[in-house]
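K.L.:
I have a structure here, written as structure tokens, and I will follow up with some questions on it.
The values are calculated or read from the model by the stated rules, or taken from the named source; none is laboratory data. Quick caveat: nothing in here was measured; it's all calculated off a predicted structure. Reconstructed Cβ throughout: ideal geometry from the backbone, glycine too, with neighbour counts over all protein chains shown.
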Amino acid sequence: MQGGRGDREMTDRYIVGVDLGGTSINVGVLPYAGGRVLGMRSLPTEPQRGAKFVVDRMIELIRAAMKDARREGAIPDDGFIGIGIGSPGPLDRRTGTVLETPNLGWRNFPLRDLIANAIGLEAVLDNDANCAALGEFWQGAARHVRHLVGVTLGTGIGGGIVVDGRVFHGASDLAGEIGHMTIDSTGRKCNCGNYGCLEAYASGPAIAARAVEGLEANGNSLLPALVEGDLTRVTAETVYEAIVAGDLYAREVMRETANFLGTGLANLINLMNPEMIVISGGVTRAGGHLLGPLRTEVRRRAFRGGFESCEIVTSELGGMAGVVGAVATYKVERCGGL
């Protein structure tokens, strides 16, 4: 994609990227042409404290990131041209409204305008997983491909679809809700209200819940000791720590997680035939314990040609994918392209 707004005159301009997740808020600043992230800031989201608290925290982080970026990059006060925001959805990009976020508890929330008015800069809003996928396309693992699917594994499971270098949003901005594909029609209840969603099995909280549920029959697991007997403290990170310590039960939990994810990714390959699937998020810390059996399950379920033509990789940008992608989203929406 080519830039559409006088690239030369934009070389000394900067864009703020905001990645809002159910667990944390990440904010950074990038030059218009891309490059190193400046002023990177992060704080826990704490959605239980209410929407106003979360928005105030986002505004606080944006202002702090802009201040730090001015110092790091010698950016003048008028050097910032806008803000890209990635948020869990579903949402309406045209109005900048978050329609519903099961993991934040928001409905019909005018997030874009609240941020834009507070900071005094134009803002755009897109799904956080769309942003992460576009970030990998622009500056990450998918720089050399045209068709990819990004999958984010965290508090929820999100997805972003890039077709011929552009995010595919669908008829009403709902394309890419990968976490809510049904993999078991009578299965676990999801936060969205449906049953059997992929997110209900393979998101971070779901991994922890499944691990705790099976502990009674696996008395030799290290998990209780790692949380001093308080099983409410078990997280996906705790399961990963137990795997590193040689816990066979934790390894089995992660293998089952890989099977669930592999089923979902095989569905994506058969439907979309992408060149690449980029997986990001904290759950990927499990490394080969997740990716090895995941690829095996995808190979078993997907059409051979689709599997063989699709690389399954982890994010190159890591925790900055959403921030980079939010900046890329602003460029595409307001400047004509990347």
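K.L.:
Is it the case, given these coordinates, that residue 235 is under 22 Å from the mean Cα position of the chain (by Cα), surrounded by 20 or more Cβ atoms within 10 Å (Cβ to Cβ) and not basic (Lys, Arg)?
P.N.:
For residue 235, the condition - under 22 Å from the mean Cα position of the chain (by Cα), surrounded by 20 or more Cβ atoms within 10 Å (Cβ to Cβ) and not basic (Lys, Arg) - is not met.
K.L.:
Of the residues 283, 324, only one is within 19 Å of residue 21 (Cα to Cα) and not assigned by TED's automatic domain parsing to the domain that holds residue 175; which?
P.N.:
Matching residue, one of 283, 324: 324.
K.L.:
Pull up segment 93-129, narrow it to residues that are at pLDDT 95 or above and of a type in the set (Asp, Glu), then point me to the one that is farthest from residue 154 (Cα to Cα).
P.N.:
Only one residue tops the list, namely 122.
K.L.:
Which one of these is over 17 Å from residue 322 (Cα atoms) and crowded, with 17+ Cβ neighbours inside 10 Å: 31, 76, 47?
P.N.:
Sole residue among the options that is over 17 Å from residue 322 (Cα atoms) and crowded, with 17+ Cβ neighbours inside 10 Å: 47.
K.L.:
Among the residues of segment 115-123, is any under 15 Å from residue 18 (Cβ atoms) and polar (S, T, N, Q)?
P.N.:
Looking for residues that are under 15 Å from residue 18 (Cβ atoms) and polar (S, T, N, Q), one finds at least one in segment 115-123, hence yes.
K.L.:
Let me ask something else. Do you know which residues across segment 108-143 are in a loop (DSSP other than H, G, I, E, B) and under 16 Å from the mean Cα position of the chain (by Cα)?
P.N.:
Within segment 108-143, 140, 141, 142 meet the criteria.
K.L.:
Oh, and also: So residue 53 clears everything in (1) farther than 16 Å from residue 328 by Cβ; (2) surrounded by 19 or more Cβ atoms within 10 Å (Cβ to Cβ); (3) not small (Gly, Ala, Ser) except one condition, right? Which one?
P.N.:
Condition not satisfied by residue 53: (2).
K.L.:
State the number of residues belonging to segment 133-153 that are among the polar types (S, T, N, Q) and buried (at least 24 other Cβ atoms within 10 Å of the Cβ).
P.N.:
1
K.L.:
Those residues that are surrounded by 19 or more Cβ atoms within 10 Å (Cβ to Cβ) and touching a Gly at 6+ places or on another chain (Cβ under 6 Å), I need them from segment 105-121; list them, please.
P.N.:
Listed by number, the list holds a single entry, 112.
K.L.:
Let me ask something else. Does residue 191 satisfy being surrounded by 15 or more Cβ atoms within 10 Å (Cβ to Cβ), among the polar types (S, T, N, Q) and farther than 19 Å from residue 254 by Cα?
P.N.:
yes
K.L.:
In segment 191-238, what count of residues is obtained for those that are assigned to a helix (DSSP H, G or I) and under 14 Å from residue 179 (Cβ atoms)?
P.N.:
8
K.L.:
Something else now. Which ones in segment 252-276 are surrounded by 23 or more Cβ atoms within 10 Å (Cβ to Cβ) and not in a helix (DSSP H, G or I)?
P.N.:
If the condition is that a residue be surrounded by 23 or more Cβ atoms within 10 Å (Cβ to Cβ) and not in a helix (DSSP H, G or I), then 274 is the only one that fits.
K.L.:
Could you please give the count of residues in segment 260-303 that are at pLDDT 95 or above, under 22 Å from residue 139 (Cβ atoms) and in contact with an Asp or Glu (Cβ under 8 Å, 6 or more places away or on another chain)?
P.N.:
Adding up the residues that qualify gives 4.
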